[in-house]
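One structure below.
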Amino acid sequence: MLVDPITSMWSDRLFQATLVVLLLAMIFTSLEYSATRVARASRRPAAVGAGAGGTGTVDSDTDTAGSDTAGEISDTPEGPDGSVPRAGRTRADRYGRIGISLMILAVVLHTGSIVLRGLATYRWPLGNMYEFTSALCLMAVGAWLVLVRKHPPLRPAGVFVLTPILLLMFITGTVLYAEAAPVVPALQSYWIIIHVTTITLASGMLLVPGVASLLFLMKRNNRPAALAAKLPGAEMLDRLAYRVTVLAFPLYTFGIITGAVWAEAAWGRFWGWDPKETVAFVAWVLYAAYLHARATAGWRTSRAAWINTAGFATIVFNLFFINMVVAGLHSYAGV
């Protein structure tokens, strides 16, 4: 038996449940975002007065409106360990905690879906576009949860991170869906575990700084003003985008290198300027340029953010257009 239909069915059910739970998480993060805005607006005079006596410094590359700290986002008192006492939690904080709990549940369900897909097909579950994009979304949600754990003031921005993830999940479950089946002979190699897994992990992580850079540009330019006023500080968003990219870039580099090694084993050459290889290399150059620009005076804010955004747009272009429209040696979309 090449495919276990029962296990495959449960994998699909768990994927559908993940989509529903993520939708609920987005609703609660949206409620938190809205409630935090109202609370902050009512407290703004006091917050400004309190900040006037502070000793914080402002990055010369960051505008005054965007150089906020954790106090601009959180409207609840925090304990010494950064936690919020139960009695002091506001409605926004409760919404946010429910949203995070739902995201954790979604990660558990999503992991189960991917594991069952692999068990159903007796192979590594990254053999087509459906499986790859599904795993990419899982990595993105996981990366966001880790960041929110370390930087709680970022939590209200979760609605902007979940929006592209939910869109990708919907496309994955409809347009990209493929029945559980064995992979084509070219993918029947142990390199699929190393190369595709690394690229999936890196691409999922890079979704977060791509969104963060877009939010940074909104905050810095204060456009649209209604949304920008409610975002975390521009300096915080810029720092987030940089730190996650620093972690994801080596993984992406390793993924490209292992892809070249696999190409030599499968096709007798390390690099052939196949469309997917070419666009992946362009994305690598853009991310390398972003990291360089981020360390260069005069480029470390808006200009660097635009480069980072272009890098993520290139990855999305490679994921959909190159895989689904352009014919090449990497045309294993399964759709």
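The values are calculated or read from the model by the stated rules, or taken from the named source; none is laboratory data. In this text the structure is predicted, and so the values were computed from the model without any measurement. Don't worry about glycine lacking a Cβ; one is built from the backbone with ideal geometry, like all the others, and counts go over all protein chains shown.
Within the stretch 211-234, not a single residue is within 18 Å of Ala25 (Cβ to Cβ) and surrounded by fewer than 23 Cβ atoms within 10 Å (Cβ to Cβ).
Pairing each residue of the stretch 219-238 that is at pLDDT below 80 with any residue that is surrounded by fewer than 23 Cβ atoms within 10 Å (Cβ to Cβ) and of a type outside the set (A, V, I, L, M, F, W, C), provided the two are 6+ apart or on different chains, yields C-beta distances under 7 Å for Ala228/Asn222; Lys230/Tyr33; Lys230/Arg37.
The listed residues are Gly127, Gly158, Gly112, Gly118, and the only one of them that is more than 19 Å from the chain's Cα centre (by Cα), surrounded by 21 or more Cβ atoms within 10 Å (Cβ to Cβ) and outside the structural domain of Lys219 (by TED's automatic domain parsing) turns out to be Gly127.
For beta carbons closer than 8 Å, sequence separation of 6+ or different chains, a first residue in the stretch 8-34 that is in the same structural domain as Gly158 (by TED's automatic domain parsing) and modelled with pLDDT of 95 or more and a second that is among the basic types (Lys, Arg) and buried (at least 18 other Cβ atoms within 10 Å of the Cβ), the qualifying pairs are Ser11/Arg117.
When Phe320 is tested against (1) at pLDDT 90 or above; (2) surrounded by 15 or more Cβ atoms within 10 Å (Cβ to Cβ); (3) not β-branched (Val, Ile, Thr), exactly one condition is not met: (1).
Quick check on Asn308: is it at pLDDT below 85, on the phi < 0 side of the Ramachandran plot and buried (at least 16 other Cβ atoms within 10 Å of the Cβ)?
no
Kindly evaluate Met169 against the criterion of being buried (at least 23 other Cβ atoms within 10 Å of the Cβ) and either assigned by TED's automatic domain parsing to the domain that holds Asn128 or among the basic types (Lys, Arg) (or both). Considered against the rule, which asks whether it is buried (at least 23 other Cβ atoms within 10 Å of the Cβ) and either assigned by TED's automatic domain parsing to the domain that holds Asn128 or among the basic types (Lys, Arg) (or both), Met169 comes out as yes.
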